[in-house]
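Novice: Before I ask anything, let me first share the structure, which is written out below as structure tokens.
Please treat every number below as a calculation from the coordinates, not as lab data. The model shown is predicted, which means the values in this text are computed figures rather than measured ones. Neighbour counts run over all protein chains shown; Cβ positions are idealised from the backbone, glycine included.
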Amino acid sequence: MRHLPGTERHDELVETLKNFLNAQSSTPATTRYCSRCGSVLRYLPTQFWMEGAENGWNIRLPYCADCHPLPAMKETFVV
Ligand SMILES: [Zn+2]
């Protein structure tokens, strides 16, 4: 099987991303504040799917309702 250039770097990146997503999804939601206006941040449930992966990740992304008043209720990112 031919080894494509850049495949190893891609695998490394995928592993790093998986670790990051696992860490994020297991982190309990804590009260955080907007660095711009100081409002309490809300959490937007977000699904991450990785190509070829069986399971996605449900991650709460913090957002500020004052700085970003109209976020989509649910975004899906495919990486
Ligand atoms: Zn804000």
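Novice: Which residues in segment 52-67 have a backbone N closer than 19 Å to a point placed 7 Å from the Cα of S35 along the Cα-to-Cβ line?
Specialist: 60-67
Novice: Also, I was wondering about something else. Can you give the local net charge around A65? Use residues other than it whose beta-carbon is closer than 13 angstrom to its beta-carbon, Lys and Arg +1, Asp and Glu -1.
Specialist: +2
Novice: Continuing with the same structure: For L44, what residues show an amide H to amide H distance below 5 Å, using hydrogens built from the backbone and excluding near sequence neighbours?
Specialist: Result for L44 returns L61, Y63.
Novice: Net charge around N19, counting only other residues with Cβ within less than 14 Å of its Cβ (Lys, Arg = +1; Asp, Glu = -1)?
Specialist: Here the count lands on -2.
Novice: All other residues with a Cβ under 11 Å from the Cβ of L41 taken together, and with Lys, Arg as +1 and Asp, Glu as -1, what is their net charge?
Specialist: +3
Novice: Apply the Karplus curve 6.51 cos²θ - 1.76 cosθ + 1.60, θ = phi - 60°, to the phi angles in segment 8-22 and return the couplings in whole Hz, x for Gly and Pro.
Specialist: Karplus values, whole Hz, x for Gly and Pro: 4, 4, 5, 4, 4, 5, 4, 4, 4, 5, 4, 4, 4, 5, 4.
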